[in-house]
Each structure stands twice: as structure tokens, then as C-alpha cells.
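Step one of this worksheet: look at the structure below.
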Amino acid sequence: MKVLYVDQTGQLGGGELSLLDVIKNSTEDSEIALFSDGPFRQALEAIPVPVHLLSLGRVSEIRREARLLSVLRGGPALLKLRSQLAQLAARFDVLYANSQKAFLVSALARRRDQILVWHLRDMLTADHFSPFLRRVAVFAGNLSATAVIANSEATRESFIQAGGNPTKAVVVYNGIDPAPFDGVQESEVEAVRKALGLQDKYVVGCFGRITSWKAQHVVIESLMALPDTHAIIVGEALFGETAYSEKLQALVHSLGIQDRVHFLGFRRDIPLLMKLADVVIHSSTAPEPFGRVLVEAMLAGTPVIATRAGGALEIIGDGETGLLVTPGSVQELSAAVTKLKNDPEFACRLALAGRQRATAVFSVNAMIESIHSVLSTAHA
Ligand code: UDP
């Protein structure tokens, strides 16, 4: 089966990191079309997989909160992109769209006899998309997608709630390879702790894109009730959300805790940094579609605290494999950190159970088998 993957971004977001694992481990004959360049292209070429860069033009101006007018403005560029993709896609059996914009363009470009898979990695809710874009996406999904692969029950449910056909939607969780976590040496962790001036400090880690709904500000604010605790904030504003990033810096200054908050930017040594942290906090105030960082923290053997919503509820059992707190509650978050800090045995039990669950449920093999089965059924 010849599969053309399609993704709108060249940045390394969670969806792109997951697609790298899919492509690396898949036995299908694969190539990929990207609508913009970036480090994702280099990572794909290193696999290696052929990458085709298409020009997004003014389609880039159609944002998640878009209404009809901005879509019409982007119309000519959209048609151009559609014909570039249709031309490229002609020799493939399957178009596999990895993002919403990629799916919409693929739905327009696809031949009638071609399989179209939409890997839905976003919540189709008001927190994330305008009503207009949700209607368009679900209409196109019902009409054109052969199958919709949702990355959690939460995203599948959001598709159905938005009017999506339930019979098309299956859940396939992200699978994450434990090997990079197992390969980290204690001496490497100690060296980075020392370089950051964190020896003998209690460290909370916050990993992910810097964006207002991931709510890194809640973690920063929680430090006011956690004296002697340091935070490493790992990630970058990948999709132009630099205003929020600046707000976080200003918040740290206004609270006078510059010495306890370490902004590390975008990093590729996530397993090491997760092992360095005493606790990993996931503070999203809007429901997370899946939450790769939660599974990664579990694989690192570090206890996790997450907000009680979205994909986190499918990954973490409260008090068993992590702790759940109310989204946006600074007070609950600092209380949860205090509990883990004061009870290392309990923290260790959570981490051990978390690691077991992560390896049992979120394996790369299970993900690849499920995707392969969706493609084979569609191809039959
Ligand atoms: N990540 C990374 N470097 C960073 C911050 C995050 O490689 O500096 C990775 C992180 O390890 C995870 C992904 O980005 O694999 C984020 O995925 P998640 O599902 O948590 O969130 P998304 O970005 O998809 O909303």
C-alpha cells in the first residue's frame, strides 16, 4: 500500500512527533507532503522518508478561530495548494492527513477511489476551534474520510458531539518508545542538574508548547506556596504565541522568583529532563486531546500531576498512577506537589504504577497494529 502522509506544519508539535513514530515503524511504502518547512522535515529526512514541500501561501492565514470571510480570502491559495497536492497524490493508494488543515486540503484533493484517513489529534471544541471551522471539518469528515483515527476517547467524543459519524471514528492512542527513557544515565542527569544549579533542589517540570491553554502560568503561580521549589519550563511558543511567552517572563519578575523558574526553551533531551524533575506537572486549562508528556513522564519513572480533563483522564488513575487536580486551581496544584514532596514513598508508588501502565497501554507496537488494521480494512 502506498501511503502519502500530509501535515500542515514543519514544527515539532506532539502530532508530528507521534507521526515520526508511525512512519518509522510502519511497513507501508511512505512519503510525506508538508505545507511548511521546519525541523520536522529534517527529522523525517533522517528516517529517511521522501518529503515534498508544498506552498501554503495565504492558507496560513486561515487560523483556528477562522470565520467564513478569512476562508474566502485564502480561497485562491487553497485551490493552488489543492491542485499541487492532487498532482502529487495521484500515485498513492492512501492519503493520511495528520492535522485538521491537512485533512481539509486532502479532502478537496483526493480522487474518489483513494482512501482518506484523518488522524484527529485535536479536540473539536469551542476551546480550540471556531464554530465555522468545526462545522466544515465535521462535514468534510462525514463526507470524505474513509476513517477518522482519534488519539483519545476525548477527541473521538468531541468529533461525535460536533456532528461526526461515530461509525467512522476509532481510537488509537499514541504509542511511545520507552528505550530513550531507559537509556538515560544517572550521571547525565546529575550533570544537567549541576549545570542548572539544581543540586539538592526539589524540581517540578512543565513540558510542552508555550501557549495560554497549556497554562504554564498556573505552575509559576503555584510556586508562591512552594518555598524552595524550582520549576523547569521546557518548550517554546511554536505557533506564534509569543505574547503569552512574554507574559510568563513578566509574571516571574512580578512575583520575584526569577531564581526559581528556569525557562529552557525547546529541547530534544526530554527523557533526561523528565528524569531530572521530581514531579512532572501538566497544567492545561482546556481539555488536552491526548497528552504525550504524561505518558513520557510515566516512562521516565517520575510522578505526574495533571488537570482533570480530556485525554489525561484516560492516561492517569487519580491516586494510582498520578494525581489529578482541577484545571486552573493554583491551590490544588500546590497542595498536590506538597503531598508528593512530603511523602516520597507515595510518590514512588505512583511513579512505579505509572511506568507499568505506560508500557502496557501506550506501546508503539499497539499503535502501529491498530493503524495498520484501519488501513487494511479500508483497502479491502
Ligand atoms: N516536546 C519536546 N521538546 C520540548 C517540549 C515538548 O520534544 O521542548 C515534546 C514532548 O516531549 C511531547 C510533545 O512535544 O512529545 C508534546 O506533545 P503533547 O501531546 O503533550 O502536546 P501537543 O504539543 O501535541 O499539544
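The values are calculated or read from the model by the stated rules, or taken from the named source; none is laboratory data. Just so you know, these numbers come straight off a predicted model, no measurement behind them. FYI the Cβ positions are ideal-geometry reconstructions off the backbone, even for glycines, and counts take in every protein chain you see. Just so you know, the surface numbers come from the protein's heavy atoms only, side chains and all, with ligands and any DNA or RNA stripped out. Shrake-Rupley method; radii C 1.70, N 1.55, O 1.52, S 1.80 Å.
What to note about this one:
- Residue within the range 284-303 that is within 24 Å of LEU352 (Cα to Cα), surrounded by fewer than 18 Cβ atoms within 10 Å (Cβ to Cβ) and within 13 Å of the ligand (Cβ to nearest atom) present: no
- Neighbours by Cβ (under 7 Å, 6+ apart or cross-chain): first from the range 285-314, basic (Lys, Arg); second part of a helix (DSSP H, G or I): ARG292/GLY14; ARG292/LEU17; ARG292/SER18
- Odd one out for GLY183 among (1) within 16 Å of the ligand (Cβ to nearest atom); (2) more than 17 Å from LEU294 (Cα to Cα); (3) open to solvent by 60 Å² or more (accessible area, probe 1.4 Å): (3)
- GLY208, sole failed condition from (1) small (Gly, Ala, Ser); (2) on the phi < 0 side of the Ramachandran plot; (3) touching a helix residue (DSSP H, G or I) at 6+ places or on another chain (Cβ under 7 Å): (2)
- Positions within the range 138-169 being surrounded by 17 or more Cβ atoms within 10 Å (Cβ to Cβ), of a type in the set (S, T, N, Q) and under 11 Å from LEU124 (Cα atoms), in sequence order: THR155, SER158
- Residue in the range 339-352 that is over 29 Å from ASP200 (Cβ atoms), open to solvent by 30 Å² or more (accessible area, probe 1.4 Å), among the polar types (S, T, N, Q) and modelled with pLDDT of 95 or more present: no
- The lone exception for ASP200 - which of (1) assigned to a helix (DSSP H, G or I); (2) more than 16 Å from the ligand (Cβ to nearest atom); (3) open to solvent by 20 Å² or more (accessible area, probe 1.4 Å) it fails: (1)
- Tabulated pairs, the range 358-380, first farther than 25 Å from MET298 by Cβ, second of a type outside the set (Val, Ile, Thr) and crowded, with 16+ Cβ neighbours inside 10 Å, C-beta under 6 angstrom, 6+ apart or interchain: VAL374/ALA147; ALA378/ALA147; HIS379/MET1
Matching residues to (1) without any contact (Cβ under 8 Å) to a residue 60 or more places away in the chain; (2) within 15 Å of the ligand (Cβ to nearest atom):
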| residue | (1), (2) |
| --- | --- |
| LYS214 | no, yes |
| LEU226 | no, no |
| THR229 | no, no |
| GLU236 | yes, yes |
| THR242 | yes, no |
| LEU255 | yes, no |
| HIS262 | no, yes |
| VAL280 | no, yes |
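- Qualifying residue in the range 323-334 (condition: crowded, with 24+ Cβ neighbours inside 10 Å and touching a Gly at 6+ places or on another chain (Cβ under 6 Å)): no
- Every pair of residues 6+ apart whose Cβ atoms lie under 7 Å, when the first sits in the range 116-140 and is in contact (Cβ under 8 Å) with a residue 24 or more places away in the chain while the second is crowded, with 18+ Cβ neighbours inside 10 Å and charged (D, E, K, R): LEU116/ARG110; LEU124/ARG134; HIS128/ASP122
- Segments classed as strands (runs of 3 or more DSSP E), wholly inside the range 113-189, with at least 2 members that are within 16 Å of the chain's Cα centre (by Cα): 115-120, 147-150
- For ALA250, the criteria (1) away from the ligand (no atom under 12 Å from the Cβ); (2) under 25 Å from ASP122 (Cα atoms); (3) outside any strand (DSSP E or B); (4) of a type outside the set (S, T, N, Q) hold in every case but one, which is (2).
- Residues (small (Gly, Ala, Ser) and either more than 11 Å from the ligand (Cβ to nearest atom) or surrounded by fewer than 19 Cβ atoms within 10 Å (Cβ to Cβ) (or both)) located in the range 15-32: SER26, SER30
- Residue satisfying all of: in the range 264-278; of a type in the set (A, V, I, L, M, F, W, C) and more than 12 Å from the ligand (Cβ to nearest atom); surrounded by the most Cβ atoms within 10 Å (Cβ to Cβ) among these: ALA277
- Taking the criterion of being charged (D, E, K, R) and away from the ligand (no atom under 16 Å from the Cβ), the residues of the range 304-335 that qualify are ARG308, ASP318, GLU320, GLU332.
- Tally, over the range 42-60, of residues that are more than 22 Å from ALA90 (Cα to Cα), open to solvent by 50 Å² or more (accessible area, probe 1.4 Å) and either assigned to a strand (DSSP E or B) or within 16 Å of the ligand (Cβ to nearest atom) (or both): 2
- Filtering GLY38, GLY10 for residues that are within 14 Å of the ligand (Cβ to nearest atom) and either under 23 Å from GLY265 (Cβ atoms) or at pLDDT below 95 (or both) leaves a single hit, GLY38.
- Qualifying position, being modelled with pLDDT of 95 or more and within 20 Å of the chain's Cα centre (by Cα), among GLY256, GLY311: GLY311
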